[in-house]
1. Look at the range 207-262 and say how many of its residues are closer than 19 Å to residue 301 by Cα, polar (S, T, N, Q) and crowded, with 19+ Cβ neighbours inside 10 Å.
2. What number of residues within the range 236-288 satisfy the criterion of being assigned to a strand (DSSP E or B) and more than 16 Å from residue 404 (Cβ to Cβ)?
3. Go through the range 291-308 residue by residue and tally those that are farther than 16 Å from residue 381 by Cα, not in a loop (DSSP other than H, G, I, E, B) and not aromatic (Phe, Trp, Tyr).
4. When residues of the range 120-152 are filtered for being of a type in the set (Phe, Trp, Tyr) and farther than 20 Å from residue 106 by Cβ, how many remain?
5. Residues 344, 372, 391: which one is outside any helix (DSSP H, G or I) and within 23 Å of residue 192 (Cβ to Cβ)?
6. Residue 280: over 29 Å from residue 206 (Cα atoms), small (Gly, Ala, Ser) and buried (at least 16 other Cβ atoms within 10 Å of the Cβ), yes or no?
7. Could you say which residue among 99, 78 is within 22 Å of residue 273 (Cβ to Cβ) and either among the β-branched types (Val, Ile, Thr) or not assigned by TED's automatic domain parsing to the domain that holds residue 271 (or both)?
8. Across the range 332-341, what is the number of residues that are in contact (Cβ under 8 Å) with a residue 12 or more places away in the chain and not β-branched (Val, Ile, Thr)?
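The values are calculated or read from the model by the stated rules, or taken from the named source; none is laboratory data. This one's a predicted model, so the numbers in the text were calculated from it and none came from an experiment. Here Cβ is always computed from backbone atoms with ideal geometry, including for glycine, and neighbour counts include all displayed protein chains.
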Amino acid sequence: LHINDKLKNYLKNFLFAESEDAVLETKGYEISPRGLWNRIRGELQEKGILTPPINTYYALIRADGDNMGKIMGGDFSIFGVKVEDYIVNSFEGESKEIIKTLLENKNSAKEIARKKGLDERNIDEASKFIDNIKLMGKLPVSISYHVSVSRALMIAALKDIEIVEKNNGVVIYAGGDDLLSVAPVSSAVKIIDGSRLAYGGFVREAHSHKGVRFHKFNNYYIPSMGNMGRSYSLYIAHYKYPLYDVVKASALSIDEIAKKSIWICGEKKKGKDSLVITYSARGSVENALIPFSLEKPEFILTNLTLFLEDMMNMISSKKVSTTLLYEASGGRIMKTAERAWKAKEMEIFEELIKYIVKRHLQEEEPLNKIMKTIKENEDIRRYDAQEEIEKPLFLEIFKSCKLLYSGLRGE
């Protein structure tokens, strides 16, 4: 097979040297491979065939379970249940009735025990044991409890591997509550969405989610981590940026941003369990933060990762103009909307948001989707500990879309 010198040098560079440069760089080419591919994509798009671009950015995904020390120690403060309720529900039948009465009145519990022919001294022992649990505010941690948590974390890790590989990612580490993986920006949010749902025992449905809580293997059921949170970092970086620095920065963003977040809804506050999206554009770094769950006042998942996916799909199909992301992330009208939000003039706020969105739409359908998400989360705010102020979630939602699109654009 005859190969001319020019082609031979090109193949050497592609196979043995900086193979990324051969595809991703634009210098030295009349039409670069990347530019040629974009031309082909344009022609395919005219025929209704959507294809991904050759991207110079990638996503580093990191996850870390929240409050794992407290969970393993049986600390009640993060379970969202009262000590008394847990104790009562640990028993069944007549024992449950006696314990429930004991928590209310010790003498009444003894009276029930006498009628049932039980030893009253057991009531005294049970009372001391319960008082100790209430004083400590912790579960009496057993081997079976640790086994249950370990199984839930093991399944979470296996689910993570399956979800990452299914979406063209590569797992670097998955074990217990930790995950570190590399993926295309185009599938990063889908990976994070699936991973967080599986961690809590949820499955994605068309426009929402369903709680199953247990993972079934044949006839064997393994618990999930339930309402326990898990924080994530989606770090979008240029392929030439040092990987060591990206790994270090992603860990810092989880610890200093996601895990220090406090989300407020009415009088309820919820910390952690958040996704921090970071876009590193060859030096300059921008962050946005959204919650996975809130208390309204009960525990709910926000489905904001699903909204991010929907927005990127609507942009790629040209139903929504990309200019919306930039105007909604800090334009003059958006600042007016923020002032209306701070003044609690919600009708004015909604009309301003609607006006901004409608200016950048090709059809009516996206308006309903976007406004539904904004209205569902318009009263949510984040407490910024550094500045000691509260910031509206809707700004973070639009900024998250902008940063994700910047990474998808890959320029």
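1. Final tally of qualifying residues: 5.
2. 9
3. 3
4. 1
5. Step by step, each of 344, 372, 391 is checked, and only 391 is outside any helix (DSSP H, G or I) and within 23 Å of residue 192 (Cβ to Cβ).
6. yes
7. 78
8. 5
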